[in-house]
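Inspection log for the structure reproduced underneath, given as structure tokens.
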Amino acid sequence: MTAPSKALIRELGDLRRQIEHHNRLYYRHDSPEIPDQEYDRLFDRLLEIEREWPELATPDSPSQRIGSEPLSGFVQVTHEIPMLSLDKVTSEAELTRFESRIQKRLDSQNDNDTALEYSCEPKIDGVAVSLLYEDGLLVRGATRGDGTSGEDITHNVRTIDEIPLRLEGTGLPKRLEVRGEVYMTKSGFAKMNAAAEKAGEKVFVNPRNAAAGTLRQLDSRITARRPLKMFCYSYGLVEGASLPDTLSGVFEKFAGWGLPVNPDRKSCRGVAACYAYCEKLLGKRNDLDYEIDGVVIKVDRFDLQDELGMNARTPRWAMAYKFPAEEVATVLNAVEFQVGRTGTITPVARLEPVFVGGVTVSNATLHNMDEVARLGLKIGDAVIIRRAGDVIPKIVSVIPDRRPQQARIIEAPSSCPVCGSDIEHIEDEVLMRCTGGLFCRAQRTQSIIHFASRAAMDIDGLGVKLIEQLVDQELVSSVADIYGLDVATLAGLERMGEKSAGNLVAAIGKSKQVTLARFLFALGIREVGEATAHALATHFGTLAAVMSATEEDLVAIPDIGHVMAHHISAFFTEEHNRTVIQALLDAGVVPAETTPVNRDALPLNGQTWVVTGTLEAMGRSEAKEKLQKLGAKVAGSVSKNTDCVIAGPGAGSKLDKAEELGVRVIDESAFLSLLKQHDIPV
Ligand code: IVH
């Protein structure tokens, strides 16, 4: 076998240098010098030589970036120095408290009265990654995982053009573990999803998921085609050289070694300046080509960081300032009218899909025609929509000077869009209601969906799609018909097999044993939510007693007013409803009788509680039932009227809100002892 000639080796070295040079110009400086075809020609020649002379391939050759044969699985990597997470705040006041805590700790040891220097950086919404360089060569890439150990993704990080395969410059440590966030640009994400949609492939919900999914590819050739990037923001291991003694100094070093650092970072003196940075960045948020969810603020000097140390999982010297709700502009393509369970007809906005608050949104509720009028909305309008955290997206406003000439007026329907029945206008014409009752397919479907739902009869496996099929095929026309379904009928439906049909029949059977409160809630009486259903059950004790209660009997219950009393009494007077209830009882549904209780004697009577996060000993709905047994009202959100919040791990905005309002917060163990104290079994 012949050896490669000296000329060839020289050519190879030249090619690699040229390609790296053009990569740098292209990726880092956004200013390519040569046309794409010219670059491709160089790259093809490199591949050709490496194919012919495999012994000349090197781990830092640009050819590494095109990916390699799929791996069979991921190898775990233990982080010698754990990868931490951050505490978060959402207000300037909390940020000031963060600074005071720091000052207090440091003041006890030093006498420094000058404001501290902080490094402020966009908080990238991507995937935390660790890169290990040995003698400047990239030898390992790993995910953060749980902070202690992650997965080896070296094959994938090698394909990310921005990540140097070899560090450049001088003063390199023998070993250096660089940490940062791998992310997908918004523009790259949009392009990739558009192509995937066209090809009928799976689309990702947001850039973060796309980045995470891409880094978990076993086949790095797929990763190589996806638009991933990275920002480096800290380091772990360092051996054989010392780094600068401030984070801002380290960023300069990183940049000099060819590592990507965020150009939007800034050093700020004092937390007031940090807050100004946060506000400025928030203003720029939608202009950035990467998703951010806030700002990370870190004490710049490492000696002070060391002095401040750690809490359990988070450093005391850093804080994430989380941004509030996000708003973006899009276009209103159409308005459709949806018919709900009680016949209420609601306008729903169909929007040009847009990425906001972490997801792609294409619908928003408009509540009622009053809202449409208030916004001055027309079809075709450019609108601002808002999606805060995980709440339902809404239209905030119209952008008047972007109204197209052919914008159309939104007209309310004159009859039910589903069944054609007349519409009745209620509450000063604002609300429209279909008068079709259970004749209307939409109302039937919605009432069955409600009946089967988790907080009602909790029939596992009886979901929306299935109910729609059952109603459309006229297999079920009232909730009582659910109990007549058999395996053979169900197994014949779309996306159902014998096994799932069997499971569903079992779940239907199981739902027959139900508390009176759930049963009453499941009936879908207008205005009767879970709390009212519970109040009715504990007050009357039996279904028969509730059914025969007069309006006067009903208004005697706290929290039940005249309107609600009227709806309840009207519901049970209606012949059709009585027939359905009888059919349910005949089918074997047994709403458990409750001993009527004297509410005044209950320990939590008159109090409002909120449950958030996950509880270990029980689900949230179970916790709710137990609290109601103690007399508490259980609410879904925290306000100044909340008496106590039970917060389990993973508690988020509700806990923050409680802390902000100074509402009492207890953990699960305190809750369990409360239950024990009152003899409520867990
Ligand atoms: S510093 C102790 N800087 O946020 C320092 N983190 O909640 C730990 N993140 O897991 C991280 N941008 O994935 C830092 N500029 C930034 C960041 C950043 C995004 C992520 C990171 C981390 C999470 C912490």
Q) Taking into account only those residues within the stretch 320-332 that are in contact with an Asp or Glu (Cβ under 6 Å, 6 or more places away or on another chain) and at pLDDT 95 or above, which is nearest to residue 279 (Cα to Cα)? A) 331
Q. Which of the residues belonging to the stretch 652-682 are part of a loop (DSSP other than H, G, I, E, B), under 25 Å from residue 94 (Cβ atoms) and either acidic (Asp, Glu) or in contact with a Pro (Cβ under 6 Å, 6 or more places away or on another chain) (or both)?
A. 667
(Q) Report every pair of residues separated by at least 6 positions or lying on different chains whose Cβ atoms are under 7 Å apart, first residue within the stretch 613-634 and farther than 17 Å from residue 666 by Cβ, second of a type in the set (D, E, K, R). (A) 621/454
(Q) Would you confirm whether or not the stretch 584-602 contains a residue that is closer than 20 Å to residue 636 by Cβ, open to solvent by less than 70 Å² (accessible area, probe 1.4 Å) and hydrophobic (A, V, I, L, M, F, W, C)? (A) no
Q) Could you give every pair whose Cβ atoms fall below 9 Å, whose first residue belongs to the stretch 467-486 and is over 17 Å from residue 583 (Cβ atoms) and open to solvent by 60 Å² or more (accessible area, probe 1.4 Å), and whose second residue is among the polar types (S, T, N, Q) and part of a helix (DSSP H, G or I), counting only separations of at least 6 or pairs across chains? A) 468/445; 472/445
Q. Based on what the data block shows, is residue 133 within 16 Å of the ligand (Cβ to nearest atom) and crowded, with 19+ Cβ neighbours inside 10 Å?
A. no
Q: Please name all residue pairs, on different chains or six or more residues apart, with Cβ atoms under 6 Å, provided the first residue is in the stretch 307-330 and is under 30 Å from residue 352 (Cα atoms) and open to solvent by less than 50 Å² (accessible area, probe 1.4 Å) and the second residue is within 13 Å of the ligand (Cβ to nearest atom) and modelled with pLDDT of 90 or more.
A: 323/294
Q.
Cβ-Cβ under 8 Å, sequence separation 6+ or interchain: first residue in the stretch 136-163 and closer than 15 Å to residue 81 by Cα and assigned to a loop (DSSP other than H, G, I, E, B), partner away from the ligand (no atom under 13 Å from the Cβ) and among the charged types (D, E, K, R). Which pairs?
A. 145/151
Q.
Among the residues in the stretch 633-651, are any under 22 Å from residue 516 (Cα atoms) and surrounded by 19 or more Cβ atoms within 10 Å (Cβ to Cβ)?
A. yes
Q | Conditions (1) over 17 Å from residue 230 (Cβ atoms); (2) within 15 Å of the ligand (Cβ to nearest atom); (3) open to solvent by 20 Å² or more (accessible area, probe 1.4 Å): number failed by residue 147 | A | (3)
Q) If you scan the stretch 306-339, which residues turn out to be charged (D, E, K, R) and within 16 Å of the ligand (Cβ to nearest atom)? A) 306, 307, 313, 316, 322
Q. Which condition number in (1) within 15 Å of the ligand (Cβ to nearest atom); (2) over 27 Å from the mean Cα position of the chain (by Cα); (3) open to solvent by less than 60 Å² (accessible area, probe 1.4 Å) is the one that residue 81 fails?
A. (3)
Q | All positions within the stretch 200-224 that are over 21 Å from residue 361 (Cα atoms) and either aromatic (Phe, Trp, Tyr) or open to solvent by 40 Å² or more (accessible area, probe 1.4 Å) (or both) | A | 216, 217, 218, 221, 222
Q. Within the stretch 590-604, how many residues turn out to be closer than 22 Å to residue 543 by Cα and small (Gly, Ala, Ser)?
A. 1
Q) If you take the residues in the stretch 263-272 that are open to solvent by 40 Å² or more (accessible area, probe 1.4 Å) and either touching a strand residue (DSSP E or B) at 6+ places or on another chain (Cβ under 6 Å) or under 19 Å from residue 292 (Cβ atoms) (or both), which one is farthest from the ligand (Cβ to nearest atom)? A) 269
Q. How about the stretch 263-319: which of its residues are of a type in the set (D, E, K, R), within 24 Å of residue 208 (Cα to Cα) and assigned to a helix (DSSP H, G or I)?
A. 279, 280, 284, 285, 287
Q: Mind counting the residues in the stretch 417-438 that are within 22 Å of residue 574 (Cβ to Cβ) and under 35 Å from the mean Cα position of the chain (by Cα)?
A: 5
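Let's see how each residue does on (1) touching a Lys or Arg at 6+ places or on another chain (Cβ under 9 Å); (2) within 16 Å of the ligand (Cβ to nearest atom); (3) not aromatic (Phe, Trp, Tyr):
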{"residue": "51", "(1), (2), (3)": "no, no, yes"}
{"residue": "58", "(1), (2), (3)": "yes, no, yes"}
{"residue": "69", "(1), (2), (3)": "yes, no, yes"}
{"residue": "72", "(1), (2), (3)": "no, no, yes"}
{"residue": "85", "(1), (2), (3)": "yes, yes, yes"}
{"residue": "89", "(1), (2), (3)": "yes, yes, yes"}
{"residue": "93", "(1), (2), (3)": "no, no, yes"}
{"residue": "97", "(1), (2), (3)": "no, no, yes"}
{"residue": "100", "(1), (2), (3)": "no, no, yes"}
Q: Considering each residue of the stretch 241-262, count those that are in a loop (DSSP other than H, G, I, E, B) and either surrounded by 15 or more Cβ atoms within 10 Å (Cβ to Cβ) or at pLDDT 95 or above (or both), and give that number.
A: 9
Q: For the stretch 293-305, name all the residues that are away from the ligand (no atom under 12 Å from the Cβ) and touching a helix residue (DSSP H, G or I) at 6+ places or on another chain (Cβ under 9 Å).
A: 300, 301, 302, 304
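Residue by residue, here is whether (1) closer than 24 Å to residue 478 by Cβ; (2) surrounded by fewer than 20 Cβ atoms within 10 Å (Cβ to Cβ); (3) in contact with a Cys (Cβ under 7 Å, 6 or more places away or on another chain) holds:
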| position | (1), (2), (3) |
| --- | --- |
| 512 | yes, yes, no |
| 520 | yes, no, no |
| 545 | yes, yes, no |
| 553 | no, yes, no |
| 558 | no, yes, no |
| 562 | no, yes, no |
| 567 | yes, yes, no |
Q) For the stretch 164-183, how many residues meet the condition of being touching a helix residue (DSSP H, G or I) at 6+ places or on another chain (Cβ under 6 Å), within 16 Å of the ligand (Cβ to nearest atom) and touching a residue at least 60 places away in the same chain (Cβ under 8 Å)? A) 1
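Quick grid of which residues meet (1) over 35 Å from the mean Cα position of the chain (by Cα); (2) among the hydrophobic types (A, V, I, L, M, F, W, C):
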site	(1), (2)
35	yes, no
50	yes, no
64	no, no
74	no, yes
98	no, yes
106	yes, yes
Q.
Quick check on residue 429: is it open to solvent by 60 Å² or more (accessible area, probe 1.4 Å), within 30 Å of residue 373 (Cα to Cα), modelled with pLDDT under 95 and assigned to a strand (DSSP E or B)?
A. no
Q.
Among the residues of the stretch 104-122, what is the count of those that are modelled with pLDDT of 95 or more and open to solvent by less than 50 Å² (accessible area, probe 1.4 Å)?
A. 5
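The values are calculated or read from the model by the stated rules, or taken from the named source; none is laboratory data. Since we're looking at a predicted model, the values are computed, not measured. Cβ: placed from backbone, ideal geometry, glycine included. Neighbour counts: every protein chain shown. In case anyone asks, the SASA skips ligands and DNA or RNA and just uses the protein heavy atoms, side chains included. Shrake-Rupley method; radii C 1.70, N 1.55, O 1.52, S 1.80 Å.
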